[in-house]
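Shown next, in structure tokens, is the structure this report addresses.
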Amino acid sequence: NYQAQRGSVLHFLDQHSPEYFADGILVTDSDKGTVVAVGEAESILAQFPQLQVTEHSQALICPGFIDTHIHYPQVDVIASYGEQLLDWLNNYTFPHESKFADEAHASETADFFLRELLKNGSTTGLVFGTVHPQSVDAFFRASEALNTRMICGKVMMDRNAPDFLCDDVASSKNDSQALIDRWHGKGRQLYAVTPRFAITSTPEQLAAAGELLADNPGVYMQTHLSENLDEIAFVKELFPQRKNYLDVYDHYGLLGEYSTFAHGVHLEDGEYQRLSETGSKIAFCPTSNLFLGSGLLPLDDQPFPVGVSVATDVGGGTSFSMLQTMSEAYKVCQLRGHRLSPQQAFYMMTLGNAKSLKLDDKLGNFTAGKEADFVVLDLAATELMQRRQAICNTLDETLFCLTILGDDRSVAETWVAGKKVYSKDEAN
Ligand code: GUN
Ligand code: FE
């Protein structure tokens, strides 16, 4: 069963190869959940004469956004006043995360969180649960019901946190393995081994995380790295034998192509070098880095080339919207004397982030056969945006206005695996 959406269509074949159809059609298959074809309306209509076409005016159709670092249990932590990282964790985050021992609370929050992502046009995420394995079961059940492609994991933490939020070496390993067996590769769900960060794991637990990765090839790894100066000093105190912060993770076998390190704001040259050599990735979280006062990521100033994705980091981050996140990324780059182009921003939110998660064989653009996750963006969602878009003369200007001014109001529809799962009209 084919569906066809007509509007402007933008996707990327590669980093520097955008494909743009000013009057385009995207054809998807709701039975298979995949992309059938994309192209200029005229040529698609000639190819598929029977097609029932839905027309979207003043719309830009692009691949669903991908968020490479976000905490679903921090929905209620967003906008917590006054602290930087370590106090923010102790005073706000840990108390909220304790509630996820209750599976009903976890399920309700997972449903809200996924609806919020879809409302903002994000269709895939690399997501932290809490220490409680049932928080991850609840999350995957909710994601499975929507058929979204999500990567999630149970937080491993066995020190420097309240007792009620700590696991131990054996339980963290057994619970993670059981979740991998239950969920990794089930439908569209994927698992990430999730040591919170070096401060909250003993050396023995980090070793267990490394064993989980060695035992389960293709499973992801997510953690935090070099976000805040007090955090870095504490890591050096806890692991005096290690060369630097990243070396803690390196020592326990946590680096690699499936590994995403959130933040990496204050890295030393040697850390860039090891990230680069191992194909590990950094997730740039601009709204979080600004909100928590962590620092300005030098996106364009790397001594060794490291893959960087973009992420919201809700609830340290302040918005579910990848458009808002790119708007802040642009401003962080401005302060570092670097220009983030509007096309680069759209590439990063879609194919770039898919590549960073090694999902670009499945997601990130409209190549025929890929999973049909996409978003219909309304270029004139508000009076101001309508007025401003009316004087945009080029695709770059249009994209830039959308990035800087856009948010959830700009998302008209979100589709997952060929099915419409969010419509702004129906939500209102
Ligand atoms: N470092 C360790 N845990 C967290 C977290 O929950 N959020 C952020 N932003 N940084 C962290
Ligand atoms: Fe985070």
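Report the residue, chosen from M348, M156, M385, that carries the largest GNM mean-square fluctuation when the chain is represented by alpha-carbon nodes joined by springs under 10 Å.
Between M348, M156, M385, it is M385 that shows the largest mean-square fluctuation.
Given region 67-320, what percent of its DSSP beta bridges are antiparallel, to the nearest 5?
0
Can you give me the P(r) profile for region 218-362? Cα pairs, bins 10 angstrom wide beginning at 0, each as a whole percent.
12, 43, 37, 9, 0
Determine the sum of side-chain charges near N353: Lys and Arg each +1, Asp and Glu each -1, restricted to other residues whose C-beta is under 13 angstrom from that of N353.
Net charge in that neighbourhood comes out at +2.
Can you give the FRET efficiency to the nearest 0.05 for Q84 and R409, using r as the Cβ-Cβ distance and R₀ = 35 Å?
On the way: r = 31 Å, r/R0 = 0.88.
Once the sixth-power term is evaluated, E becomes 0.70.
So how do 284-294, 20-30 stack up, highest first, on mean other-Cβ count within 10 Å?
Answer by packing, highest mean first, reads 284-294, 20-30.
Between 0 and 90 degrees, rounded to the nearest ten: what's the tilt of helix 133-146 against the longest Cα principal axis of the chain?
Here the helix axis deviates by roughly 10 degrees.
Rounded, prolate or oblate for region 293-398? Axes are the square roots of the Cα gyration tensor eigenvalues, ordered a ≥ b ≥ c, and the cut-off for rounded is a/c under 1.5. Show your work: numbers first, answer last.
Values: a/c = 1.61, a/b = 1.07, b/c = 1.50.
Note, shape of region 293-398 comes out oblate.
Run the numbers for A233 and D181: contour at 0.36 nm per residue of separation, minus the present Cα-Cα distance, in nm.
15.0 nm
Among the lysines, which fall within straight-line cross-link reach of K119, defined as a Cα-Cα distance under 17 Å, with same-chain neighbours fewer than 8 residues apart omitted?
K419, K420, K424
Rounded, prolate or oblate: pick one for region 67-320, where a ≥ b ≥ c are the square roots of the eigenvalues of its C-alpha gyration tensor, a/c under 1.5 means rounded, and failing that, prolate if a/b is larger than b/c, else oblate. Please list the in-between numbers first.
Numbers: a/c = 1.33, a/b = 1.22, b/c = 1.09.
The shape class here is rounded.
Could you list K355, K32 so that the one with the fewest beta carbons within 10 Å of its beta carbon is first and the one with the most is last?
K32, K355
Beta carbons within 10 angstrom, averaged per residue: use that to sort the peptides 296-302, 365-371, highest first. Walk me through the numbers before you get to the answer.
Working: 296-302: 16.3, 365-371: 19.4.
Answer by packing, highest mean first, reads 365-371, 296-302.
Can you compute the FRET efficiency between V53 and E116 using 1/(1 + (r/R0)^6), with r the Cβ-Cβ distance and R0 = 22 Å? Round to the nearest 0.05.
With a Förster radius of 22 Å, E is 0.15.
Between Rg and the Kirkwood Rh of the chain, both from Cα atoms, what is the Rg to Rh ratio? Mind dumping the intermediate values first?
Values: Rg = 21.0 Å, Rh = 21.7 Å.
Ratio of gyration radius to Kirkwood radius for the chain: 0.97.
Nearest 0.05, what FRET efficiency do N216 and T278 give at R0 = 22 Å with Cβ-Cβ as r?
Values: r = 18 Å, r/R0 = 0.80.
Rounded to the nearest 0.05, the efficiency is 0.80.
On full extension of the chain, what length is gained from C392 through S423, given 0.36 nm per residue of separation minus the C-alpha to C-alpha distance?
8.6 nm
With only alpha-carbon pairs counted, each pair once and no self-pairs, how large is the Kirkwood hydrodynamic radius of region 74-122 in angstroms? Could you put the intermediate results ahead of the total?
Details: mean 1/r = 0.0838 Å⁻¹.
Kirkwood radius, region 74-122: 11.9 Å.
Which order do the peptides 326-333, 394-401 come out in when sorted by mean C-beta neighbours inside 10 angstrom, highest first? Don't jump to the answer; show the numbers that get you there.
Values: 326-333: 22.0, 394-401: 16.9.
Result, highest mean Cβ count within 10 Å first: 326-333, 394-401.
Could you give me D for region 176-235, from Stokes-Einstein at 10 °C and 1.306 mPa s, where the hydrodynamic radius is the Kirkwood radius over C-alpha pairs? Units µm² s⁻¹, please.
126
Alpha carbon centre of region 46-89 versus region 143-190: separation in Å?
Here the answer is 23 Å between Cα centres.
Which of the aspartates and glutamates could a cross-linker bridge to K281, judged by Cα under 17 Å and excluding same-chain residues fewer than eight apart?
D67, E227, D247, D250, E257, E268, D269, E271, D300, D301, D313, D360
List the residues, sorted by chain then number, that are 5 or more residues from F304 or on another chain and whose placed amide H is less than 5 Å from its amide H.
none
Bear in mind these aren't lab numbers, they're just calculated from the coordinates by the rules spelled out. Every value quoted in this text rests on a predicted model; they were computed, and no experiment measured them. Note that each Cβ is placed from the backbone with ideal geometry, even for glycine, and that neighbours are counted across all protein chains shown.
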